[in-house]
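Every number in this text was worked out from the coordinates using simple rules, so none of it is lab data. Because the structure is predicted, anything quoted here is derived from the model rather than measured. Cβ placement follows ideal geometry from the backbone for every residue including glycine, while neighbour counts extend to all protein chains displayed.
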């Protein structure tokens, strides 16, 4: 459902993503981890069509993002890490707008918007302008917008940032439900507990290169870690002071 | 006992603003210098114009010794009152931003900075931000008073003495008014109120000045005209007003009379008292006001179900994606109070433009047929320039105004081509209507012939397509998605280039149409048939149409390419 083929992105001399290749299957929840500056957001922005790769291919739901951008994007739902929205629209109007640019119209859309506002628990705020929303409310509204056209692929950058425990739980439930329905989710996160709990497979990126890929068991084997905790595996694989610290003091 | 705060703390709080200013100067490139030189040149020209106007009036008044002193005093009083009012209004608006909504306030408000130090620093920032422009444009006025004064240096000394309190008093009062408003209403309500009242104030001021026909002062036929002109603005001078004290001090300085030192003492003590009172008020109300400024209440004045319903009905016939973008743009526009102020100003600009034609000398209609039609032709260029000025604010900004929410468009299946064409068709109708009002009404006042009226109307129709096409295209070539105020987009390098390009474009259109106008006027003069001029006119209009097609298609294509390559 998601294919990244030898994907690279260079900023001048700096290599942000280096020949990254990945294949994510339908219905899979894929976790994409890495330390700050490893190339996660750059990869995600390329998948959303916000950045152009220097080389390589991105195929979403069978459509090449470079050759068939409209078809690929029609299959994509994108949730960025920071929810910049049209502040002067109400929640309801924003969802109507998003439905419109995805070519959706009529009574079904109105019903769908009600369902989504119920789902993200924003129904009572539907008429309020977005400028009056908190960060968490905006994040939930972006989620609703990304679901509106029933995308086959959902690309999510740091979904849990700024969410309260109730919001986090809500989103976990939504993601599970969507994967159960066959939707593919590609999620970048720093919240390792969430990744360990939710993801079918995890990829770890470091300095633009994929250094580990697989299920939790496979990652544990790759890292030769005796502790089945993603935090330990992640720090061991990505190295640095953090790992040396927990080696000295595992508690 | 240790003082609660020290002046050094105020300076320390101001250092980020000073560093930002220094760093911006260091980071300036050649284009920035070019822009600064251009704006500096325009400011200088404008200042010279102000100086020339006041100088001429004051020299003229000087010829009538019995009227000189009272009239000069009246003009000085008007200038002082005007400056004081503008400064007060400007400070009220600026204080809202510097004291309550600036992004760096969260850091300052959460740190152990003593409130008087914070108040002092923000008052200084408010004063500089709101007063520098008034100061720049008041300089040529005072210079004109000085050079026509029997005691120029004494007058300039008086200006130097009154300047500090005359800036501090409105800054402190403005801050106090804003703080009082925020303690009663929410920050958003205050913003909406300030935007509306501020815009109306500017519009009324522009209209009042224009309808008093200041050009009469440059060619005064009667001394009474001057008195009449200034009395139109003259508020009753109360002996309790700081502007009255300033006027008396300036008048004494100008006439080389002994200084009324008591008035100077009053000015400085009032300034000091205003700052102390402001500080007390801040102690009592600032924390609560700042907290209220964080609250996000639903907008009251900016949303109207009736307007929304009308917009939705009006947009219904359009294709779904275009309709979605159109409704989003219109609703966002109408709900943004900063846009309203620009609309009010636009309205004032149109009224002043047309009023200028309506007050042409009464014997103008008896001027030659040739002159009337030549003016009508040149008016085409002027109307085109006005349209460009409107477009740089409303059309050039159309892409950038998506702001940081542009990711929604880029990650959606909507193509950039459709997006840009949607922006084009949204911006075109209002500009077309405006262009026709400007040309048809001004040609009516000019008494232009039917031929010239039709030619101007059709030409400006074509020109609108070009201006909008170049506007949307260049807006996409030079997008600025991070901005605090929409006017920053129009004032950017891209906006400046847009004005240069559209001005050149209008010049080319005028050049293409000069020939048919020449043939027409010659034929009319000689009494020849109009066959030949009509043929040349048709060919010329065809060339103008072709030029405009290119001015729409090429910039949109280049803008699309630039946006596609843009990394957000």
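Over the range B:336-565, Cα pairs under 8 Å with separation of 6+ residues give a relative contact order of 30 percent. With a cut-off of 14 Å on the backbone N, the residues of the range B:449-487 near the modelled label site 7 Å out from residue B:549 along Cα-Cβ are B:466.
Coordinate range of the alpha-carbon atoms in the protein assembly as shown per principal axis, descending: 104, 94, 51 Å. Set the Förster distance to 51 Å, then compute FRET efficiency between residue B:567 and residue B:201 from the Cβ-Cβ distance, nearest 0.05. FRET efficiency, residue B:567 to residue B:201: 0.75. Cβ crowding within 10 Å ranks A:207, B:328, A:226, A:166 as A:226, A:166, A:207, B:328, fewest other Cβ atoms first. Based on alpha-carbon centroids, what's the gap between the range B:525-568 and the range A:67-132 in Å, whole number please? Going from one Cα centre to the other spans 40 Å. How many angstrom lie between the C-alpha centres of the range A:163-198 and the range B:64-80? Value for the Cα centre distance between the two parts: 76 Å. With the cut-off at under 15 Å, measuring from each backbone N in the range A:2-17 to a point 7 Å along the Cα-to-Cβ line of residue A:66 picks out A:3-10.
In this simple spin-label approximation, residue B:283 and residue A:114 carry label points 7 Å from Cα along the Cα→Cβ vector, and these lie 5.8 nm apart. The calculated P(r) of chain B, using every Cα pair and 20 Å bins from 0, goes 17, 45, 33, 6, 0 in percent.
Does the range B:54-294 classify as rounded, prolate or oblate by the C-alpha gyration tensor (a ≥ b ≥ c root eigenvalues; a/c under 1.5 gives rounded; else a/b over b/c gives prolate, otherwise oblate)? Prolate, since a/c reaches 1.5 and a/b exceeds b/c. Here the contact order of chain B, divided by its residue count and restricted to Cα pairs under 8 Å and six or more residues apart, works out to 15 percent. Can you grab the distance from the C-alpha centre of the range B:104-157 to the C-alpha centre of the range B:414-477, Å, no decimals? Cα centroid to Cα centroid, the span is 42 Å.
For the range A:85-150, what does the alpha-carbon gyration tensor say about shape, rounded, prolate or oblate, given a ≥ b ≥ c as the root eigenvalues, a/c under 1.5 as rounded, and a/b over b/c as prolate? Note, shape of the range A:85-150 comes out prolate. Measuring nothing but how far apart in sequence close Cα pairs (under 8 Å, 6+ apart) lie, relative to its length, chain A scores a relative contact order of 26 percent. Approximating the spin labels as points 7 Å out from Cα along Cα→Cβ, the residue B:358-to-residue B:511 distance works out to 3.7 nm.
Annotation: extensible slack from residue B:180 through residue B:26 equals 51.5 nm (criterion: 0.36 nm per residue apart, minus Cα-Cα distance). Only helices enter this figure: runs of n ≥ 4 DSSP H residues, each worth -39500 (n - 2.57), summed and divided by the residues of chain A, yield -11500 deg cm²/dmol at 222 nm to the nearest 500. Can you give the FRET efficiency for residue B:18 and residue B:538, using 1/(1 + (r/R0)^6), R0 = 45 Å, r = Cβ-Cβ distance, to the nearest 0.05? Using R0 = 45 Å, I get an efficiency of 0.10.
Between the beta carbons of residue B:132 and residue B:371, assuming R0 = 35 Å, the FRET efficiency works out to 0.20 to the nearest 0.05.
As a rough footprinting exposure proxy, the listed residues B:79, B:57 were ranked by other beta carbons within 10 Å of their own, and the order from fewest upward is B:79, B:57. Taking a ≥ b ≥ c as the square roots of the Cα gyration tensor eigenvalues, the range B:470-557 comes out prolate, since a/c reaches at least 1.5 and a/b is larger than b/c.
Arranged from fewest to most other beta-carbon atoms within 10 Å of their beta carbon, B:35, B:404, B:122, B:287 become B:287, B:404, B:35, B:122.
Counting Cβ atoms of other protein chains within 10 Å of each Cβ in B:415-423 and taking the mean gives 1. A crude spin-label estimate for the pair residue A:231 and residue B:500, with each label 7 Å from Cα along the Cβ direction, gives 5.8 nm. Scoring B:91-98, A:192-199, A:105-112 by mean Cβ neighbours within 10 Å over their residues and listing the highest first yields B:91-98, A:192-199, A:105-112.
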